[in-house]
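Peer 1: Starting off with a structure, shown below.
All of the numbers you see were taken from the coordinates with simple rules; none came from a lab. All values derive from a computational prediction rather than experimental measurement. Neighbour counts are summed over all protein chains in view; Cβ atoms, including those assigned to glycine, are modelled from backbone coordinates with ideal geometry.
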Amino acid sequence: MRSCNLLRISYYILTQPNSEFDRSKAVSDWLEYNGFTVVQKEYREYTDFAGQKRLKGNISVDIAVDVLNITDHVDHIVLFSGDGDLSPVVQCLKRRGVRVTVVSTLKTQHPSVSDNLRRVADHFIDLDDMRELIEKKLEPA
């Protein structure tokens, strides 16, 4: 069996701008305390052409830059995302000899993984197949 060393584990999250109470704060604090690199980016509010207020946030570029910055130091990246915007990054990593595993799900009412991202990855793991390993069991009352 081949050994591996974990270089970094990062968690990317969009946060509410100017919010005194943000539900993600407790999660971010726990992750940071437990060794994760937490990258937070505020989403922004804008008005679309029809006058509707919308929220916009995108962290794909942040993920892409961070991943490409460590490419020379890794041989395998595990990406927990279904964002098809990351497909070109995965292709770039593969050209550089880095294996890429994508973890997301197809087994929800609306699949959370882009078909293109799933196809360009070296390996795809469906989160549902990992349910027994990662699901938090509720204690009986």
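Peer 1: Put a dot 7 Å past each Cα toward the Cβ at residue 14 and residue 122; how far apart are the dots in nm?
Peer 2: It is 3.1 nm.
Peer 1: Which of rounded, prolate or oblate describes segment 19-71 when judged by the alpha-carbon gyration tensor and an a/c cut-off of 1.5?
Peer 2: Since a/c reaches 1.5 but b/c is at least a/b, the shape of segment 19-71 is classed as oblate.
Peer 1: Right, next: Taking just the C-alpha trace of the chain, give me its Rg and Dmax in Å.
Peer 2: 17.4, 58
Peer 1: Need one word for segment 60-141: rounded, prolate or oblate. Basis is the Cα gyration tensor (sqrt eigenvalues a ≥ b ≥ c); a/c below 1.5 gives rounded, then a/b vs b/c decides.
Peer 2: Cα axes put segment 60-141 in the prolate bin.
Peer 1: Counting only DSSP beta bridges with both residues in the chain, tell me the antiparallel percent, nearest 5.
Peer 2: So the antiparallel bridges in the chain amount to around 20 percent.
Peer 1: State whether segment 80-122 is rounded, prolate or oblate according to the following rule on the C-alpha gyration tensor (a ≥ b ≥ c being the square roots of its eigenvalues): a/c under 1.5 gives rounded; otherwise a/b larger than b/c gives prolate, and the remaining case gives oblate. Before the final figure, lay out each step's value.
Peer 2: Working: a/c = 3.03, a/b = 2.23, b/c = 1.36.
Since a/c reaches 1.5 and a/b is larger than b/c, the shape of segment 80-122 is classed as prolate.
Peer 1: Based on the mean of other beta carbon atoms within 10 Å per residue, what is the order of 8-17, 27-36, most packed first?
Peer 2: Final packing ranking: 8-17, 27-36.
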